[in-house]
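The values are calculated or read from the model by the stated rules, or taken from the named source; none is laboratory data. All of these numbers come straight from a predicted model, not from anything done at the bench. No Cβ is skipped: glycine too gets one built from the backbone with ideal geometry, and neighbour counts run over all protein chains shown.
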Amino acid sequence: MIRKINYLRLSITDRCNLRCFYCIPGGGWEKLPCQEILRYEEMLRLARVAVAQGIRKIRVTGGEPLVRRGVVEFIQSLHQVRGLQEVCLTTNGVLLAEMAPALHAAGLRHLNLSLDTMKRQRYQELTGSDNFLEVVAGLEKAASLGFNPIKINCVVLKDLNDDELWDFVRLARERPFQVRFIEFMPAVSQGKWARHFLPMAEVRRRLASLGAGEPVAPESVAGPARIFRFPGFRGELGFISSVSEHQCPACNRLRLTAAGSLRPCLFGAAELDVKGPLRQGATDQALGEIFQEAVRRKEAARDTFLPGRAMVSIGG
C-alpha cells in the first residue's frame, strides 16, 4: 500500500432505529433494497481481502448495526479473520442491554456508544425517540460485562447540547470511559450545520479550567481523536475536530458502505464499486487492487465539503 492505511469502517446496514437530526435528512432517506446490501459472507471475504492489503482494524457500523439480524455471528466470524488485530462496534445503544452478553461472548470488547445528551427529554428531541433509559441501561450492562475500552461519542451542537459539556466531563471523571467530543459535520444540510456547528477550539476553551491534560499516544490503528488524561479522572477525554482541523495527511481509514462502495474519504465524492466485481466473480487479487486504488485516491480525496449523502447511507 502507498500509505499506511490499516483501519476499515464497515457499514453492515443503512437501517437505523433512531432519527438523529444531524444524521438523517428531514424527509428521510432512500433505503437500499435488501438485495443491494452486501451479504455477510461477502463482507467476510472483503474483510479477508482488506487484511491482505494491510487493514488491521475493522469497525462495524451502520446505520445502526445491531438492527441487522445475524450481527453477533458476523462479529464472531470477523474475529476469526487471520491477521485482523482489532474488531470494534459503534452503536447507538438502544438494543445494547439485551445484546451485550452475546456480543461479549462473540469476542467483542471494543465498544463505541453514541450519546449526545444526558437529559431524557433532550435525547428525544435530538433522536426522535424516547430511548434514553434503554441506552443508559445498555451502557451499564456493557460496563458490568467488562467491555474495554468503552468510548462515548458526543457530537457537540451549539445551542442544543453545548450546555452539557461539563456533564460529560464528569462522566469521564467518575467512570472509566473515554468521552470524545466530536465536531458537527455538514452531513445533512449547510443550514443546520451553520446554525449548530461549534469548533473544537471553542470546546477546549470552555473546558480550559481542566488544564492542558496529559496527551495519550495514539495506537497504530487509532482514529482521529486527540486523547488526554486528567488528574483525578478514571476515564479520558477525546477531541475530534474533523471539520476545523482535519488531519487528512494522517488519516488511516477507508469506508465500505453497506451497498458495497469503497470510499477513500468521508468528505470526498469518490466511491469505488466493490460489490459489482465481487458478484461478477472477481478474484481476491482483483478485489485487492480496488482497495489499492482507494488508497491511491486518498491523496486528493477531500474534494468537497459535504459527504454527498446522508451519514446513515455512508456509515457513521
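Taken as a whole, the structure leaves GLU73 outside the set of residues that are of a type in the set (Asp, Glu) and touching a Cys at 6+ places or on another chain (Cβ under 6 Å). If you check ALA212, ALA258, ALA294 for being in contact with a Ser or Thr (Cβ under 6 Å, 6 or more places away or on another chain) and either modelled with pLDDT of 90 or more or among the β-branched types (Val, Ile, Thr) (or both), only one passes: ALA258.
The criterion of being β-branched (Val, Ile, Thr), more than 21 Å from PHE181 (Cβ to Cβ) and either loosely packed, with under 14 Cβ neighbours inside 10 Å or in contact with a Leu (Cβ under 9 Å, 6 or more places away or on another chain) (or both) does not hold for VAL136.
You will find that of ALA201, ALA217, ALA212, the residue that is without any contact (Cβ under 8 Å) to a residue 12 or more places away in the chain, outside any strand (DSSP E or B), surrounded by fewer than 20 Cβ atoms within 10 Å (Cβ to Cβ) and more than 18 Å from the chain's Cα centre (by Cα) is ALA217 and no other. Comparison of GLU125, GLU98, GLU64, GLU140 shows that the only residue that is charged (D, E, K, R) and either within 18 Å of TYR7 (Cα to Cα) or under 17 Å from the mean Cα position of the chain (by Cα) (or both) is GLU64.
Counting only residues that are within 24 Å of SER129 (Cβ to Cβ) and of a type in the set (S, T, N, Q), which one in the stretch 67-95 is nearest to the chain's Cα centre (by Cα)? Among those that are within 24 Å of SER129 (Cβ to Cβ) and of a type in the set (S, T, N, Q), it is THR90. Is the stretch 6-18 home to any residue that is more than 26 Å from ALA250 (Cβ to Cβ) and modelled with pLDDT of 95 or more? Checked against the condition, which is being more than 26 Å from ALA250 (Cβ to Cβ) and modelled with pLDDT of 95 or more, the stretch 6-18 yields at least one hit.
Checking each residue in the stretch 258-301 for being surrounded by 14 or more Cβ atoms within 10 Å (Cβ to Cβ) and either of a type in the set (Ser, Thr, Tyr) or free of Cβ contacts under 8 Å to residues at least 12 places away in the same chain (or both) picks out SER261, ALA282, GLU289.
Checking each residue of the stretch 277-290 against the condition of being within 30 Å of ARG19 (Cβ to Cβ) and not β-branched (Val, Ile, Thr) gives no match. Taking first residues from the stretch 36-53 that are of a type in the set (Val, Ile, Thr) and partners that are assigned to a helix (DSSP H, G or I), the Cβ contacts under 8 Å between residues at least 6 apart in sequence or on separate chains come to VAL49/ASP284; VAL49/LEU287; VAL49/GLY288; VAL49/PHE291. Checking PRO249 against (1) at pLDDT below 95; (2) part of a loop (DSSP other than H, G, I, E, B): exactly one of these is not met. Which one? With respect to (1) at pLDDT below 95; (2) part of a loop (DSSP other than H, G, I, E, B), PRO249 is out only on (2). I'd like to check something: does the stretch 52-72 contain any residue that is among the charged types (D, E, K, R) and in contact with a helix residue (DSSP H, G or I) (Cβ under 6 Å, 6 or more places away or on another chain)? No, the stretch 52-72 contains no residue that is among the charged types (D, E, K, R) and in contact with a helix residue (DSSP H, G or I) (Cβ under 6 Å, 6 or more places away or on another chain). Take the stretch 227-238 and flag every residue that is outside any loop (DSSP other than H, G, I, E, B) and touching an Asp or Glu at 6+ places or on another chain (Cβ under 9 Å). Listed by number, the residues that qualify are ILE227, PHE228, ARG229. Pick from the stretch 226-257 the residues that are under 16 Å from the mean Cα position of the chain (by Cα) and basic (Lys, Arg): which of them is surrounded by the most Cβ atoms within 10 Å (Cβ to Cβ)? Here the answer is ARG255.
In a residue-by-residue description of the stretch 86-104, the property of being closer than 29 Å to LEU165 by Cα, in contact with a Phe, Trp or Tyr (Cβ under 9 Å, 6 or more places away or on another chain) and either among the aliphatic types (A, V, I, L, M) or surrounded by 20 or more Cβ atoms within 10 Å (Cβ to Cβ) (or both) applies to at least one position.
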